[in-house]
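Novice: Here it is, the structure, as structure tokens.
Read-outs: derived from the displayed coordinates by stated rules, not from any lab. Computed from a predicted model, the values in this text were never measured in an experiment. Using ideal geometry, Cβ is built from the backbone for each residue, glycine included, and neighbour counts are taken over all protein chains shown.
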Amino acid sequence: MFDYTTVPDRRGKDAIAIDIPELNGFVIDDVLKPEFDRLPMWVADMNFVVPTCITDRMSERLAHPSFGYYSVRAEYYEAIANWHRTRHGITDITKDAIGYENGLLGGLVSSLKVLLPHGGKVLLHTPAYIGFTHVLKDNHYDIIGSELIKDADGRWQMDLADMEEKIKMEDIKAAVFCSPHNPTGRVWNREELEAAAALFEKYGVTVISDEIWSDLILFGNQHIPFASVSEYAHENTVELYAPSKTFNLAGLVGSYHIIYGKELRNRIEAYEAATSYNHMNVLSMYALMGAYSEEGAAWVDGLLKILEENVRIALEALQAVQGISVEQPEGTYMLFLDCKEYCAQHHLTLDELLKKGMEVGVLWQDGRPFGGTHTIRLNLASPTQRIEEAFRRLKQHVF
Ligand SMILES: Cc1ncc(COP(=O)(O)O)c(C=O)c1O
């Protein structure tokens, strides 16, 4: 019923994924061998065509050629509440709790400006999504990193003792929490979320919970919204969501917050209203209503099967390479490879390894800005035949 095999030709169509001139410090055209095309496997967007439930709603609105000032439709709020009810079992989302955010990172910065108007310390797990590091630094917040650690099974875990120590020592009052976690692919379970929430409650930490990946959950795992794990979390969390990762709509910009705590919400909404920057685009509203529909949900269910297959293919190929360490992600479509041993065994620097991949068109991403000394982040959100092609090339020419 849905099309997960067409490879959209994104060249010349404004997509940084494919048309970026430089990546990982190399000019792509200088390193790419002429017999290979580009396989975009870096920035977190997808190489699938979006379902027609989205484009139909946008076309319907475009057919009415008038784009004056508009008000947000009741259907927009209902679509969001219904999505979270049917996908995550959350039943108490009211219209009031929902607010548009001009990009998830925009919502994160606005929230911090309210929580810590004079700057200050923010707790962040590392490795961390580079968008967090950039916006926190650019807005002069001090990042207090708490490292995720791998347990004996290679599973990334929060280090609660370290988090507590840092919250206490540094007198931290705000945390940026990423759930599911990019780049490690962890989907935090209830026990872990409750433990984190108890810690935040003990020290009065307000949580900005980035749940942009919450629809892309693999292999039977389950996303649990942070605000649902305790009374304290319910009243003291800014949850941030978007249909952008789920449906490949980042170019339309259409994130939103869910904030149950009335006082917290009023403060953030007042701040945002005063900036006058935070207004939704009418087409992005129609895109969200099309996406958060029954057909959209069925499309996501099908997509998850493809992503799981892609993960299996990638892991089988990578686990056969001695010296590469990689865990099966529980969510997202990203792999986070640790190539330290491999580089040592083959007397390669990470830059040399990145370049070898790029020579054969594998546009993977330097993982060091996320964390680690020899890491690579690899995006698997492409039709399966392209993922197979990537691993054929890596096997033949790189590893
Ligand atoms: C964890 C996380 N948050 C936020 C974003 C970006 O969100 P937006 O484009 O809505 O600012 C990304 C994109 O990769 C992400 O991985």
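Novice: For Cα pairs less than 8 Å apart in space and 6+ apart in sequence, what is the mean separation divided by the residue count of region 54-292, i.e. the relative contact order in percent? Don't skip to the answer; put the middle values down first.
Specialist: Working: 382 pairs, mean separation 64.5, N = 239.
27 percent.
Novice: What does DSSP give for the chain in terms of the percent of beta bridges that are antiparallel, rounded to the nearest 5? Provide the component values of the computation, followed by the final result.
Specialist: On the way: 20 of 41 bridges.
The antiparallel fraction comes to roughly 50 percent.
Novice: What Rg and what Dmax come out for the chain when only alpha-carbon atoms are used, in angstroms?
Specialist: 21.0, 62
Novice: In which sequence would Val300, Val238, Val7 go, from the one with the fewest C-beta neighbours within 10 Å to the one with the most?
Specialist: Working: Val300 19, Val238 31, Val7 14.
Listed from fewest to most nearby Cβ atoms, that is Val7, Val300, Val238.
Novice: What size of dipole, in debye to the nearest 20, comes out for region 330-382 about its Cα centre when the only charges are +1 on Lys and Arg C-beta atoms and -1 on Asp and Glu C-beta atoms? Don't skip to the answer; put the middle values down first.
Specialist: On the way: 5 positive and 7 negative charges, 14 e Å.
Here region 330-382 has a charge dipole of around 60 debye.
Novice: Count neighbours as other Cβ atoms within 10 Å of each site's Cβ, and list the trypsin sites (Lys or Arg not before Pro) in region 7-113 that are DSSP loop with at most 14 such neighbours.
Specialist: Working: sites: Arg10, Arg11, Lys13, Arg38, Arg57, Arg61, Arg73, Arg85, Arg87, Lys95, Lys113; in loops: Arg10, Arg11, Lys13, Arg38, Arg73.
Passing sites in region 7-113 are Arg11, Lys13, Arg73.
Novice: Moving on. Would you compute, from DSSP H runs of 4+ residues alone, the mean residue ellipticity of the chain at 222 nm, taking -39500 (n - 2.57) per run and dividing by the full residue count, rounded to the nearest 500? Spell out each step's value before the answer.
Specialist: On the way: 16 runs with 164 residues, N = 399.
About -12000 deg cm²/dmol.
Novice: Here is a further query. Run the quick spin-label model on Ala161 and Ala298: label points 7 Å from Cα toward the beta carbon, then report their separation in nm to one decimal.
Specialist: Here the modelled spin labels are 5.2 nm apart.
Novice: Give the residue list of chymotrypsin sites (Phe, Trp or Tyr not before Pro) in region 161-223 that are DSSP loop and have at most 15 other beta-carbon atoms within 10 angstrom.
Specialist: Of the chymotrypsin sites (Phe, Trp or Tyr not before Pro), the ones in loops of region 161-223 whose Cβ has at most 15 other Cβ atoms within 10 Å are Tyr203, Phe219.
Novice: While we're here: Rounded to the nearest 20 Debye, what is the dipole magnitude of the chain about its Cα centre when Lys and Arg each give +1 and Asp and Glu each give -1 at the C-beta? Intermediate results must be reported in sequence, preceding the final value.
Specialist: Numbers: 37 positive and 57 negative charges, 94 e Å.
So the dipole magnitude of the chain works out to roughly 460 debye.
Novice: Here is a follow-up. In region 1-97, which chymotrypsin sites (Phe, Trp or Tyr not before Pro) are in a loop and have at most 15 other Cβ atoms within 10 Å, using DSSP for the loop call? Write out the running numbers ahead of the final one.
Specialist: On the way: sites: Phe2, Tyr4, Phe26, Phe36, Trp42, Phe48, Phe67, Tyr69, Tyr70, Tyr76, Tyr77, Trp83; in loops: Phe2, Tyr4, Phe36, Trp42, Phe48, Phe67, Tyr69, Tyr70.
The qualifying sites are Phe36, Phe67, Tyr69, Tyr70.
Novice: A follow-up question, please. Tell me the net charge near Met289. Cut-off is 13 Å between Cβ atoms, Met289 excluded, with +1 for each Lys or Arg and -1 for each Asp or Glu. The partial results should precede the final answer.
Specialist: Working: positive: Arg57, Arg61, Arg73; negative: Asp56, Glu60, Glu75, Glu78, Glu294, Glu295.
Result for the local shell: -3.
Novice: Could I ask something else about it? In a solvent-free Debye calculation with one equal scatterer on each Cα, what is log10 I(q)/I(0) for region 54-292 at q = 0.15, 0.16 Å⁻¹, listed in the order of the q values?
Specialist: For region 54-292, the Cα-only Debye profile gives -1.03, -1.17.
Novice: Roughly how big is region 54-292's charge dipole about its Cα centre, with Cβ charges of +1 (Lys, Arg) and -1 (Asp, Glu), in debye to the nearest 20?
Specialist: Details: 21 positive and 31 negative charges, 115 e Å.
Approximately 560 debye in magnitude.
Novice: Antiparallel DSSP bridges in region 54-292: what percent, to the nearest 5? Show your work: numbers first, answer last.
Specialist: Details: 9 of 28 bridges.
Bridges in region 54-292 that DSSP calls antiparallel: roughly 30 percent.
Novice: Right, another one. I'd like the distance between the alpha-carbon centres of region 212-286 and region 344-399, rounded to an integer number of Å.
Specialist: Centre-to-centre (Cα) distance: 32 Å.
Novice: What number, in percent, do you get for the relative contact order of region 1-70 if the mean sequence gap of Cα pairs under 8 Å and at least 6 apart is divided by its residue count?
Specialist: Numbers: 31 pairs, mean separation 27.6, N = 70.
Answer for region 1-70 is 39 percent.
Novice: In percent, how large is the relative contact order of the chain, given Cα pairs closer than 8 Å and 6 or more residues apart?
Specialist: On the way: 697 pairs, mean separation 96.7, N = 399.
Relative contact order here is 24 percent.
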